[in-house]
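Chemist: Quick one: structure below, then a few questions.
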Amino acid sequence: MREVAERAGVTKQTVSNVVTGRVRVSPATAAKVRAAIAELGYTPNIVARSLATGTTMTVGLLVPTVTSAFYATVVEEAENVLEEHGYHLLLCTTRQDSERARAHFASLSSRSVDALLIAGDNGLNDHLPLLADARFPVALCAWETEVPDTLPVITLDYEQAGYLAGRHLRDLGHERVAILSSPVHASRIDGFVRAFARDGLTVPPSAIFTPPEPTVFGGFTAARAALAADPGLTAIFATYDTIALGALEAARLSGRSVPGDLSIVGHDDIEEVRHTHPALTTVAAPGREMARQAIELLLRAVQEGRRPVNSLQLLRSTLVARDSSGPAPGR
């Protein structure tokens with residue numbers, strides 16, 4: 001650290017401030033310090049620093065899976081923000097297993113991390129009390145079911161997202177529609193149904209189909225069932241893009257053109273849907289912004305030595321109209 005300080009022309013304390021991120025340093029000075037660190041190959045001793053400061057410079061992140069493009073983006077952005085502040089990421093996955101989640105909660109509550117972010121709520125609400133005595137700040141994001149009032153939450157307005165998809169299809173004149181959805185996406189379904197109800201139209205429960213698995217094949221299977229149940233269907237809303245990709249394939253194999261015969265709208269705006277043929281219309285979820293705000297909330301709490309404010313913040317989605325949606329046939 002002394003050598004870095006001499007190379008950068010600053011004090012050892014300034015080098016420490018840049019490395020730990022606990023005290024703000026001017027961008028120009030921080031850049032000089034980081035350049036000296038790169039030139040000298042300096043690597044902080046994490047164990048020694050933890051003993052000296054009582055911190056680990058590590059934040060835990062719990063997600064359902066990293067195979068989902070949406071959650072992969074959340075992980076990536078969380079790591080980006082942490083690196084900007086000199087922190088490291090400890091990643092855990094629940095794999096949609098409630099008992100695995102419970103074990104992670106119990107382990108993390110006594111582990112040496114400075115903060116914990118929990119993304120995704122499937123089956124986790126009952127385990128949150130395990131974190132009641134955690135010695136570090138905890139926040140939630142991407143929470144779609146019942147929002148707990150015991151922890152700060154930064155999430156997406158999923159009901160508004162479903163409404164955007166519904167209004168888009170209504171504006172194009174669609175009336176006979178189906179929804180492909182996971183059971184945990186009730187808010188997206190509610191928003192979609194509300195968009196049709198505004199025009200006096202009903203989307204019955206029989207128009208909602210659950211994919212057997214959260215994959216392209218699951219979407220293909222659910223879309224085939226929807227088209228068989230109502231051959232006159234003119235539009236499908238898939239509550240996440242992966243199953244929308246399966247719906248595109250189901251339409252093709254059934255001889256329907258998209259969007260001439262059948263419009264398809266997804267949710268998330270993952271990278272793959274921008275390059276399909278046709279490119280998928282979708283509701284873009286601001287997952288990166290959500291992850292960034294949640295991590296920054298936690299880091300402020302760590303640096304100020306307090307628990308984060310117990311609040312609820314909803315981020316709004318936007319509809320991205322591409323080539324997979326068009327006017328209802330005959331309009």
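The values are calculated or read from the model by the stated rules, or taken from the named source; none is laboratory data. Please read these numbers as outputs of a predicted model, since none were measured by experiment. Please note: Cβ atoms are built from the backbone with ideal geometry, for glycine as well, and neighbour counts cover all protein chains shown. Side chains included, ligands, DNA and RNA excluded: accessible areas come from the protein's heavy atoms. Shrake-Rupley method; radii C 1.70, N 1.55, O 1.52, S 1.80 Å.
Chemist: Mind pulling the angle between the C-alpha long axis of helix 27-40 and the longest principal axis of the chain? Nearest 10 degrees, somewhere in 0 to 90.
Modeler: Approximately 80 degrees, to the nearest ten.
Chemist: Using alpha carbons only, what's the Rg to Rh ratio of segment 57-159 with Rh from Kirkwood?
Modeler: Across segment 57-159, the Cα-based Rg/Rh ratio is 0.93.
Chemist: Tally Lys and Arg at +1 and Asp and Glu at -1 over the other residues with C-beta under 11 Å from the C-beta of Ala139: what net charge comes out?
Modeler: Residues close to Ala139 contribute a combined charge of +1.
Chemist: Taking a quarter of the surface of the Cα convex hull of the chain, what do you get in nm²?
Modeler: Mean shadow area of the hull around the Cα atoms is 18.9 nm².
Chemist: What is the angle, in °, between the Cα long axis of helix 69-84 and the longest principal axis of the Cα atoms in the chain? Nearest 10 is fine, range 0 to 90.
Modeler: With both axes taken from Cα atoms, the answer is about 20 degrees.
Chemist: One-quarter of the Cα convex hull surface for segment 192-234, in nm²?
Modeler: Quarter of the Cα hull surface area: 3.5 nm².
Chemist: Provide the solvent-accessible area of Lys32, counting protein heavy atoms only and rolling a 1.4 Å probe, rounded to the nearest 10 Å².
Modeler: Rounded to the nearest 10, that gives 100 Å².
Chemist: Let me ask something else about it. Taking the Cβ of Tyr158 as the centre, find all other residues whose Cβ is under 10 Å away and add up their charges (Lys, Arg: +1; Asp, Glu: -1).
Modeler: -3
Chemist: Further, regarding this structure: If eta is 0.692 mPa s and T is 37 °C, what Stokes-Einstein diffusion coefficient results for segment 266-331, Kirkwood Rh from Cα pairs, in µm²/s?
Modeler: On the way: Rh = 14.6 Å.
Translational D for this selection: 224 µm²/s.
Chemist: I've got another one for you. So if I restrict to the alpha-carbon atoms in segment 245-284, what is the Rg, and what is Dmax, the biggest pairwise distance, in Å?
Modeler: 9.8, 28
Chemist: Could you sort Arg274, Arg2 by their accessible area in this structure, using a 1.4 Å probe and putting the largest first?
Modeler: Arg2, Arg274
Chemist: State the Kirkwood hydrodynamic radius of segment 98-154 in Å, one decimal place, computed from all pairs of distinct Cα atoms. Intermediate results must be reported in sequence, preceding the final value.
Modeler: Numbers: mean 1/r = 0.0871 Å⁻¹.
It is 11.5 Å.
Chemist: Convex hull over the Cα atoms of segment 150-253, averaged projected area in nm²?
Modeler: 7.3
Chemist: Would you calculate a helix-derived [θ] at 222 nm for the chain, using -39,500 (n - 2.57) for each DSSP H run of n ≥ 4 and dividing by the full residue count, to the nearest 500?
Modeler: Numbers: 11 runs with 137 residues, N = 331.
My calculation for the chain gives -13000 deg cm²/dmol from helical runs alone.
Chemist: If you average 1/r over all unlike Cα pairs in segment 207-331 and invert the result, what Kirkwood radius do you get in angstrom?
Modeler: Kirkwood hydrodynamic radius for segment 207-331: 16.1 Å.
Chemist: Amide H of Ile208 versus every other amide H placed in the peptide plane: which residues, excluding those fewer than 5 positions away on the same chain, fall under 5 Å?
Modeler: Ile179
Chemist: Next up: With axes computed from alpha carbons, what is the tilt in degrees of helix 186-197 against the longest principal axis of the chain, rounded to the nearest 10 within 0 to 90?
Modeler: Its long axis makes an angle of about 40 degrees.
Chemist: Mind running the shape call on segment 85-241? Use the C-alpha gyration tensor, a ≥ b ≥ c as the square roots of the eigenvalues: rounded below 1.5 for a/c, prolate if a/b tops b/c, oblate otherwise.
Modeler: Prolate, since a/c reaches 1.5 and a/b exceeds b/c.
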